[in-house]
Structures are given as C-alpha cells and as structure tokens.
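Each remark here refers to the structure printed beneath this line.
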Amino acid sequence: MDDIREPAASHFDAIVIGAGISGMYQLIKLRELGMTARVFEAGTDVGGTWYWNRYPGARFDSESYSYQYSFSQELLAEWDWQEHFAPQPETLRYLQHVADRFDLRRDIQFSSRVASAWWDDKASTWTVTLETGARFTSRFLITAVGPLSAPTMPNIPGVDSFKGEAFHTYKWPHQPVSFAGKRVAVIGTGATGVQTIQEVAKTAGQLTVFQRTPNWCTPLHNRKITPEEMQRIRADYPAMFQRCKETFSCFLHTTDPRGTFEVSEQERLAFWEALYASPGFGIWVGNFKDILTDRAANKAISDFVANKIRQRVKDPVTAEKLIPKNHGFGTRRVPMETHYYEVYNQPNVTLVDINETPIRRITETGIETSDAQYAFDIIVYATGFDAITGSFDRIDIRGVDGVKLKDRWKAGPETYLGVMVDGFPNMMMLMGPHMALGNIPRSIEHNVEWVSDLLGHAKAHGVKRIEAPAQQVQDWTDHVKSLAEGLLTFEVNSWMTGVNSNVEGKQVRIVARYAGSAPEYRARCDAVAATGFKELELA
Ligand code: NAP
C-alpha cells in the first residue's frame, strides 16, 4: 500500500459504509459495544434504498409492520403505520424518525462516497478513502451497501443525447416531477417499472412502455390502516415477529406443505383464487411447496396467472405480450401491482415489445426503434441494478497482499456465511452475497446482531484480527451452490442470478444468493457464535 495517509487521519474502531437500514442498526449496536464508529453515506440523509428510490409509486411490498425494526419496544410502541404496504415517503419518514430517536446522525458523515478500502496487514487496520480524497482508518470495516444500490443505465446507443428530462428510477430527483399532459417513456418492466408505470399512467398525456421481458405480476391489495386496526396489529407484534422468524424467507406468509397435484383441481383453483385475492406475497411464497421445483406444478400456476392477465387486459394481442413466455411464475422476483394490467386498457398507454421492434438508439428527441421514431418529453429508465456484488465492485476493496475483492469474485462471490471472505480480515458484510434475503429487515437484524456478537467477543478477548479460513469459505460457498441445484429460479436470467445485460462480464448466471431457509441460515450462524466463533481465525 503506498502510504500517503493524511497526518490528521481519524481512526475509529469501526467504519460502516452505508446509512440504510443495516448501517443504521449497526451503528446503534457499535455504540452499545462502546466502540467508536463512523458511518459514511453517499446520500444527504439516512434511509438507503428508501432515500434513493423516490420514483412515483415506490412502496413496500412486504407488510409495513413486518418490515420495521423490532429491536426497540419503545420504537414499536410509538410508530403507527398508515398503510399495509407503506409508500416510500412514509418509510423514509420512519427511518428519519429512527435516526432522530437514537441520535444517529452525529456519527454519520453524509455526502461521502467511499472510493476505496485497503487492508494494512502490518497495522491490522483498514484505510478508507472517500471520493473527496479524505482518509480514515479503522480496526473493522463493515459494509452495509445493500444488494440493490448500484443502478445501471441501459447500454443503448445515444443514451446521453436526449435533450428532454431523463431519470433512472434510483436517482430520482427530490423535487416532484410532473407528468401531466407529457409524452413519457418508461424502459423496464421489473418491480420498479411496474410501480412506476401504474402511477405515471394516471396523469401522463401519453405513456409508452418499452418492454423486453414481461414479468408475472400479481395484485398487492394495499389499503389504509385505521387507528383501531393499528391497535390490533400492534397487540399482535410478538406473535407476528415470531412468525417471521419461523417462515422460509421471513415474510408473514408460510409455504403450503401440500404439493400442487396432491389436491383436486377444484381445491387447487380455489386456493389460488384465494391467494390472488389476498394482500402481498402469499401467491409467491405462501403457495404449494413445489411450484418452484416441479415443472408441471410451475406450469399449472403460470397458466392460472396467465388467464388472469387475459381476463384483465382487453386487447388480446397486448395481453399475450404481457404474459411471460421464457420463464415460469415466481422464477424471477414477482412484481406486486395495483391495477397494472388495466393500465394497458387506457387510451393514453401503449406497449412496445422491443423483441419485435428493438430500440436502435436514444435520440435528442426520443427513442428510435426498428420501425418508428417516438418523441418524448420525459424518459424514465427503470432498468435495474448491478445487483448483490455490484455495490462492492464499485468500491476498490483490497485485502491481504493488495488482492482486489472484485478480482476475487470475478467468477462469482465466495463467502463465509455471507459475512466474511478469506484474505479480507476484519471486513464484515451486512446483506452481502450468499445471505438469506427475503423480508430484508428481518434478515438485517439477525445479521447485525451476529456481527455485533463477534465484535463483542473480539473486544472481550483482545482480538485484533479476525479472518475466515479459506476452507470455511470454500465449504459455505459449496453449500450455497448446492442449495441452488434443482431450483427453477436458478435456470432463469435475472438480477437474482447475477445477470445484467448492461454490465460487462455479468451475462453468465452465478449463485449470488442463499436459497435455503432463513431459519436454517440463522441456526447455522448461531451455532458458530455458541462455540465462541471457533470456526474463525482470531488473533
Ligand atoms: P429489474 O427487476 O432488474 O428490472 C429491470 C428492467 O429493465 C427489466 O425489465 C429489464 O429487462 C429492463 N432492462 C434492463 N436493461 C435494458 C435494456 N438495455 N433495454 C431494455 N430493457 C432493459 O430491476 P427493478 O425493477 O429495479 O427491480 C430490482 C429489484 O428491486 C426487484 O426485483 C425487487 O427485489 C426490488 N424492488 C422492490 C420493491 C419493493 O419492495 N417495493 C420495488 C421495486 C424494486 P430484462 O428483464 O429483459 O432484462
């Protein structure tokens, strides 16, 4: 490491990158441990995902109350949720309230994007450099960068030449954007595109949706929470959080133990009708146990949802375009929608299938496809993220002997429990690759508490250096890969399998996500903690 450290460089016990849900909670735990900490955050306030994604229609699709922090009874007692699936402004307000309540901002440095983090093996410290050039050192480096925080623009020629207004949904302006009477394009039909489209369609003069791959969307069924209902929901918190601990991916919905064809057709259809009419992810994660492993079962549920789309979209040609043909229901993230399909019955909305008529380029005035020139006032890019590893790749992270994490992970991530990597001592990842995702705050709380127990153990035993042994990293990585075998999800291109058509080198599917159950994941981690972290090298 060429050491041109600033004389006044500040040193902390721990540096945390990111002030989203995981970074905020980690800061609280570091304080409890009596450790000095600094959080570096690129944004101007807390909130992470909910700070950046201000696009119209952005909201949770997990039940609000199941998504909040559960670690503080006072916090649970004082925050009332307004909607079953909170919109982004409400969620951001909640996170700002948490920051106020726990006085977090005094240890968070905003507008500070981390450019690099280099390990110094002699000193057993990390040197963190911001894009401004400012340098800081710490004993521990905790990444809280989120799995979906490196937005990607489409690799379409001319993308910078448009003279109207253009926004990536992630980098949405803080001032409201008016679509009233405007000619608007949306490129992308993932969960973000779907939320954006159904909102923009309400006011746009003309909305043109450019779709490459349709997704299987199902109704969210959001509604407001009355004060009396909020009282009942709050009274149920202990049972609700316990349920989230027990379900496969920490949602309120539990997988049905029956196989799709173990019940009569009548019973099957009645069950699916009930799921389709129920709020949230039930139809995806509360369905028959085999819909994501058995091809015939997956085809049956796909046919059911396809028929719903046909019933809801009046023009049969448009309906067919909206029905996915290259992947089955649930094998990619299911976008939750509110009147999404009905949008295509509106006279001001047009669907362009860019497989039929590919986009040739973005022009100064709009979008040129193989058969038309479209003029727009606003182009919205809902084109997604360099997911899971992308937020790490854009920081120059170097471990022992200057090895770059990006190079180490070129063929896919290798981790120990999703938390550590050999050769990168004292670096702990929150919501890193190979970790149970699902209802993310539930996983975050466990993740942060496990890391904090490890740091507490290190403090109590005078440990200065923690490293995951290479064999443990190999074993966990092999285990995560084996869990992906036989799952239909891993046969499909999506951010969940590490594919992004806009990023060089990310066209091949990898196993970046832990596909086992959250309870199994937590049990494995807790067993390690119970032995005094014997699997790790502590020095
Ligand atoms: P995404 O699912 O990756 O979707 C990106 C969309 O852009 C896809 O339709 C993709 O088409 C299209 N696209 C990308 N590059 C393109 C190009 N060069 N030309 C044309 N089309 C292009 O990203 P996302 O919608 O932002 O969602 C990411 C994840 O964020 C979600 O799966 C979800 O986990 C999370 N999310 C959560 C919520 C919530 O909870 N409330 C809301 C929004 C998002 P292809 O499919 O053909 O690549």
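The values are calculated or read from the model by the stated rules, or taken from the named source; none is laboratory data. Keep in mind it's a predicted model, so treat the numbers as computed, not measured. All Cβ positions, glycine included, derive from the backbone under ideal geometry; neighbour counts span all protein chains shown. Areas reflect the complete protein model, heavy atoms only, side chains present, ligands, DNA and RNA absent. Shrake-Rupley method; radii C 1.70, N 1.55, O 1.52, S 1.80 Å.
With every protein chain kept in the model, how would you rank THR497, THR213 by accessible area, 1.4 Å probe, largest at the top?
Working: THR497 0, THR213 35 Å².
The most accessible residue leads, giving THR213, THR497.
Looking at the stretch 316-423 only, what percent of DSSP beta bridges run antiparallel? Nearest 5 please.
Taking every DSSP beta bridge within the stretch 316-423, about 100 percent pair in antiparallel fashion.
Can you sort VAL39, VAL403 by solvent-accessible area, 1.4 Å probe, largest first?
Details: VAL39 0, VAL403 65 Å².
The most accessible residue leads, giving VAL403, VAL39.
Tell me, how many Å apart are the Cα centres for the stretch 323-372 and for the stretch 413-470?
Value for the Cα centre distance between the two parts: 40 Å.
Carbon and sulfur together cover what percent of the accessible area of the stretch 449-515 at a 1.4 Å probe radius?
About 49 percent, which is the carbon plus sulfur part of the accessible surface.
Note the full-extension length gain between HIS461 and ALA530 as 0.36 nm times their separation in residues minus their Cα-Cα distance, in nm to one decimal.
23.3 nm
Quick check for me: using +1 on Lys/Arg Cβ and -1 on Asp/Glu Cβ, what's the dipole size of the chain about its Cα centre, in debye to the nearest 20?
On the way: 58 positive and 65 negative charges, 96 e Å.
Charge dipole, the chain, about its Cα centre: 460 debye, nearest 20.
Determine the share of the stretch 117-225's accessible area contributed by carbon and sulfur atoms, expressed in whole percent, with a 1.4 angstrom probe.
Accessible surface attributable to carbon and sulfur in the stretch 117-225 totals 52 percent.
From the phi of every residue in the stretch 128-144, what ³J(HN,Hα) in whole Hz does the Karplus formula 6.51 cos²θ - 1.76 cosθ + 1.60 yield, where θ is phi - 60° and glycine or proline is x?
Listing the rounded values in order: 10, 10, 7, 4, 6, x, 5, 10, 9, 10, 7, 6, 10, 10, 10, 8, 10 Hz.
For the stretch 57-107, what does the alpha-carbon gyration tensor say about shape, rounded, prolate or oblate, given a ≥ b ≥ c as the root eigenvalues, a/c under 1.5 as rounded, and a/b over b/c as prolate?
Oblate, because a/c is 1.5 or more while a/b does not exceed b/c.
From the helices alone, meaning DSSP H stretches of at least four residues, give me the mean residue ellipticity at 222 nm for the chain, per-run term -39500 (n - 2.57), in deg cm²/dmol to the nearest 500.
-9000 deg cm²/dmol
In terms of the Cα gyration tensor, with a ≥ b ≥ c the square roots of its eigenvalues, is the stretch 64-192 rounded because a/c is under 1.5, prolate because a/b exceeds b/c, or oblate?
On the way: a/c = 2.43, a/b = 1.16, b/c = 2.08.
Note, shape of the stretch 64-192 comes out oblate.
Give me the percent of the accessible area of the stretch 338-446 that comes from carbon and sulfur atoms, probe 1.4 Å, all protein chains in place.
47
What percent does the relative contact order of the chain come to when contacts are Cα pairs within less than 8 Å and at least six residues apart?
19
State whether the stretch 273-319 is rounded, prolate or oblate according to the following rule on the C-alpha gyration tensor (a ≥ b ≥ c being the square roots of its eigenvalues): a/c under 1.5 gives rounded; otherwise a/b larger than b/c gives prolate, and the remaining case gives oblate.
Cα axes put the stretch 273-319 in the oblate bin.
Averaged per residue, what accessible area in Å² does the stretch 77-193 show with a 1.4 Å probe, protein chains only?
For the stretch 77-193, the solvent-accessible area averages 41 Å² per residue.
Testing the spin-label approximation: label points 7 Å from Cα along Cα→Cβ at SER72 and ALA115. State their distance in nm.
According to this spin-label approximation, the distance is 3.5 nm.
So what's the projected area for the stretch 375-451, the Cα convex hull averaged over all directions, in nm²?
Average of the hull's projected areas for the stretch 375-451 equals 7.6 nm².
As a quick test, which of the pairs LYS404/LYS506; LYS29/LYS224; LYS171/LYS299; LYS459/LYS534; LYS289/LYS406; LYS245/LYS459 have an alpha carbon distance above 27 angstrom in this structure? Intermediate results must be reported in sequence, preceding the final value.
Details: LYS404/LYS506 18 Å; LYS29/LYS224 33 Å; LYS171/LYS299 37 Å; LYS459/LYS534 15 Å; LYS289/LYS406 36 Å; LYS245/LYS459 29 Å.
Among LYS404/LYS506; LYS29/LYS224; LYS171/LYS299; LYS459/LYS534; LYS289/LYS406; LYS245/LYS459, the Cα-Cα distance tops 27 Å for LYS29/LYS224; LYS171/LYS299; LYS289/LYS406; LYS245/LYS459.
What is the sum of charges around THR36, taking Lys and Arg as +1, Asp and Glu as -1, for the other residues whose C-beta is under 14 Å from the C-beta of THR36?
It works out to a net charge of +3.
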